[in-house]
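Trainee: If you scroll down you'll find the structure; I have some questions about it.
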Amino acid sequence: MCGIVGYIGDKNAATILIEGLRSLEYRGYDSAGIAIVDRRKRLFLLKKAGKLKALSDCLINRHVSGHLGIGHTRWATHGEPNEANAHPHYGNTRDFLIVHNGIIENHHELKQQLRKDGHRFSSQTDTEVAAHLVEKFYKGDLLKAVCRAIGCLKGSFALGVICMHEPDVLVAARKDSPLIIGLGKGENFIASDVPAILSRTRDIIYLDNNEIARISKDEVKVFDAKCREIQKKKVRINWNTDSAEKAGFAHFMIKEIEEQPQVIGRILTHRIKSKQVVFENLNLSRAQLKNITDIQIVACGTAYHAGLCGKYILEKMLRIPINVDTSSEFRYREQIITKGRTLIIPVSQSGETADTLASLRAAKEKGAKILSLCNVVGSSIARESDGVIYTLAGPEISVASTKAYTAQLMTFYLLGLYLAGIKKTIADKTVLNYLSKMKKIPALMRDILKNQKRVKKVAHEYVHRYHYRLAEQFKFLEDEIVQFQDPVKALEFAEKWARLSHSAYGRRFGDFPFLYLGRNVNYPSALEGALKLKEITYISAEGYAAGEMKHGPIALIDEFPLVVCIATKSAVYEKMLSNIREIKARKGTVLSIATRGDKEIQKKEYSNYVLEIPEIDEFFSPLLVALPLQMLAYHIAVGLNCDVDQPRNLAKSVTVE
Ligand code: F6R
């Protein structure tokens, strides 16, 4: 979602803002803008639709100097992604400029009110009202004006505000959207996320809800909603920029896929000490955990799939009911929570997902204890939970989540063991057996990654099949055109077909959907495989519990869809084989994810393509199955020339509802 950067100091603000916005590109956006002020109170404002390059290209050969500035990448919510709607926004005059992440829910009413007072609006955004409000309330003190303005806002916001009358001040405020302050020497920064300023400083302050900061180049003061100064803790970031750089890989996604053995190894080293699982920030006593009788997991997207797998894991280890819900549903339904008994586990890579945060708050209000699984240290979900288990995946930049997912899975296995130890639901011998199996996983992952050639080959064959079909369509078009004697009609026909073909191409693989089938602990793997493919290739893909096939999806089967069947060795292996037979009986095309050495599944009557994983206890197999599915999606996306790391319409961190 939208990215914010702000700078005040002695250096060239434009360079710093562009550099910061570049590091926030991963969040997803469709337009960008900057506003720079120099010491002679001159304003430079530039906004562009499209990618950041459109903005930075305009700065080439143009000397833009200025020591104060705000920059923004916008992910459109209100109004299309054009120049007028891009941030920064200003009021009636260009004296007050503002960048915003979030949604101002009462912007209609505010606009009507402001119009009556003579304010004129030049965009369709919700944000613009905030600039007009600051302008309206300004009486010589920007901090106070922002404080009054945010008092009128309903919804969520992270704001960066500058004003031509006070060129030595940058004001920042937040409610329900992330914002950090970077502390430098003779310079300070604001940003939506750490990577934007990490090359400049490692010392940061996390702004909390309803806090507002007055920032000059030498000083940062933070205030509460009533403008009373408060003391904030400085936090030192100890990861480095390498993790936020591609390091020679073509895309962040493949870099992050390849990092998985290292991530899982790190989690195991960090969490297993003397054959015991340890967590440091639980803030829940053993007695509190022992009393838990049911668990509710809430999450979105990939994290939801990890949560679904977490249900299988925890139910097997703890033998208590585990529910999983998408956060957007959980937050609005009747939440059944027994005080002191129900444990809520929000799962989130970013720790900022609006629906997951809202679910956490709703459950907390009903007296539930919250133990979150988060990747980003210090994120809102981590801070608002009673306890947090960091998933230790390191910064994940690619929009499509890969290493954060397997890190969440591994954390669920460890949490299961930890809670089982407290509740005495697994024998000590089984715990040791599990631990020794888990320790082998990084090596098994490495083994899969070594065999990437095979995945590439399958992906390329499939891409070729698609292009061939498209070429056939065009051939048909040519044949039809020559049948027309009337050149005008021929042209009309050609145009119509070009449009149709174009939209078919735009939809990619319209004729070649994917179906992912899995059972038991690998049912969530099927959902995740389908999500990975659709988000980065735009191919329509569905994940199903294989047992559900007969209840609908089997109607899709002919030779065109590719059915990815997770048929690794397990208690449900025979059931998967029988699903595959049913698909093949209908001329279906099957790609099997199978256990190495399984000769049966290699046979033509079962599989057109096979991707193997090494032998593993089926209980832990989702950790390995994820890898070929991620790589398949990646290599198809590359073959189709898709924007792998920043797929259209998607945002890394979904900070609005
Ligand atoms: C898919 C993906 C999204 C996120 C979802 C939740 O690859 O990344 O589906 O998993 O938006 O995000 P977090 O985990 O940050 O709460």
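Trainee: Do the alpha carbons of any pairs in Lys453/Lys587; Lys316/Lys652; Lys316/Lys439; Lys403/Lys534; Lys273/Lys423 sit beyond 22 Å of each other, and which pairs?
Mentor: As for pairs spanning more than 22 Å Cα to Cα, those are Lys453/Lys587; Lys316/Lys652.
Trainee: Could you check the simple spin-label distance between His63 and Lys439, using points 7 Å along Cα→Cβ, in nm with one decimal?
Mentor: 6.5
Trainee: Please compute, over every Cα-Cα pair in region 572-645, the percentage with a separation greater than 17 angstrom.
Mentor: Taking all Cα-Cα pairs of region 572-645, the fraction more than 17 Å apart is 52 percent.
Trainee: Right, another one. Testing the spin-label approximation: label points 7 Å from Cα along Cα→Cβ at Glu605 and Ala225. State their distance in nm.
Mentor: The answer from the label model is 6.9 nm.
Trainee: Restricting to DSSP loop positions (anything but H, G, I, E, B) with no more than 15 other Cβ atoms inside 10 Å of their own Cβ, which GluC sites (Glu not before Pro) remain in region 550-614?
Mentor: Those that pass, being in a loop and sparsely packed, are Glu559, Glu605.
Trainee: Antiparallel as a % of all DSSP beta bridges within the chain, to the nearest 5?
Mentor: 60
Trainee: What relative contact order, as a whole-number percentage, does the chain give when Cα pairs under 8 Å and 6 or more residues apart are counted?
Mentor: Relative contact order of the chain: 12 percent.
Trainee: Here is a follow-up. Which shape class applies to region 3-238: rounded if a/c is under 1.5, otherwise prolate when a/b exceeds b/c and oblate if not, where a ≥ b ≥ c are the square roots of the Cα gyration tensor eigenvalues?
Mentor: Because its axes are fairly even, with a/c under 1.5, region 3-238 counts as rounded.
Trainee: Based on the Cβ-Cβ distance of Lys185 and Arg454, what FRET efficiency does E = 1/(1 + (r/R0)^6) give at R0 = 41 Å, to the nearest 0.05?
Mentor: With R0 = 41 Å, the Cβ-Cβ based efficiency is 0.20.
Trainee: Multiplying the sequence separation of Lys154 and Asp208 by 0.36 nm and subtracting their Cα-Cα distance, what value in nm do you get?
Mentor: That pair, Lys154 and Asp208, stretches by 17.8 nm at full extension.
Trainee: Further question: Would you tally the net charge around Gly518, using a Cβ to Cβ cut-off of less than 13 Å, leaving Gly518 out, and scoring K and R as +1, D and E as -1?
Mentor: -2
Trainee: Further question: Which Cα, out of Ile264, Ser216, Thr77, lies furthest along the positive dipole direction of the chain (beta carbon charges, K/R +1, D/E -1)?
Mentor: Ile264
Trainee: Shifting gears a bit: When a/c reaches 1.5 or more, the comparison of a/b and b/c decides; with that in mind, is the chain rounded, prolate or oblate per its Cα gyration tensor?
Mentor: Taking the square roots of the gyration eigenvalues as a ≥ b ≥ c, the chain is oblate.
Trainee: Just subtract the alpha-carbon distance of Gln112 and Ala250 from 0.36 nm times their residue separation and send over the number in nm, one decimal.
Mentor: 44.8 nm
Trainee: What is the distance, in nm, between label points placed 7 Å from the Cα along the Cα-to-Cβ direction at Leu556 and at Arg333?
Mentor: Label at Leu556, label at Arg333, 2.3 nm between them.
Trainee: Checking the table Lys144/Lys217; Lys47/Lys111; Lys53/Lys185; Lys290/Lys369 against a 21 Å threshold on Cα-Cα, which pairs fail?
Mentor: The pairs that break the limit, which is 21 Å between Cα atoms, are Lys47/Lys111; Lys53/Lys185.
Trainee: Right, here's the next one. Suppose every Lys and Arg Cβ carries +1 and every Asp and Glu Cβ carries -1, with no other charges. What dipole size does the chain come out with about its Cα centre, to the nearest 20 debye?
Mentor: The calculated dipole for the chain is roughly 1640 debye.
Trainee: If you take the charge dipole of the chain about its Cα centre, with +1 on Lys and Arg Cβ and -1 on Asp and Glu Cβ, which of Leu153, Met1, Phe620 is farthest toward its positive end?
Mentor: About the Cα centre, the residue reaching furthest to the positive side is Phe620.
Trainee: Give me the number: length gained by fully extending Glu615 to Ala54, i.e. 0.36 nm times residue separation minus the C-alpha to C-alpha distance, one decimal in nm.
Mentor: The Glu615-Ala54 span can extend by a further 197.0 nm.
Trainee: What's the exposure ranking of Lys47, Lys234, Lys439, Lys453, going from fewest to most Cβ atoms within 10 Å?
Mentor: Lys453, Lys234, Lys439, Lys47
Trainee: Dipole magnitude of region 252-439 about its Cα centre, charges +1 at Lys/Arg Cβ and -1 at Asp/Glu Cβ only, in debye to the nearest 20?
Mentor: Computed about the Cα centre, the dipole is about 900 debye.
Trainee: Among Glu229, Glu105, Glu166, rank each residue by its count of other Cβ atoms within 10 Å, from fewest to most, as a rough exposure measure.
Mentor: Glu229, Glu105, Glu166
Trainee: A further question follows. Based only on other Cβ atoms within 10 Å, what is the fewest-to-most ordering of Ser570, Ser350?
Mentor: Ordered from fewest to most neighbouring Cβ atoms within 10 Å, Ser570, Ser350 come out as Ser570, Ser350.
Throughout, read-outs are computed from the coordinates displayed, never taken from laboratory work. Keep in mind the model is a prediction, meaning the values are calculated, not measured. All Cβ positions, glycine included, derive from the backbone under ideal geometry; neighbour counts span all protein chains shown.
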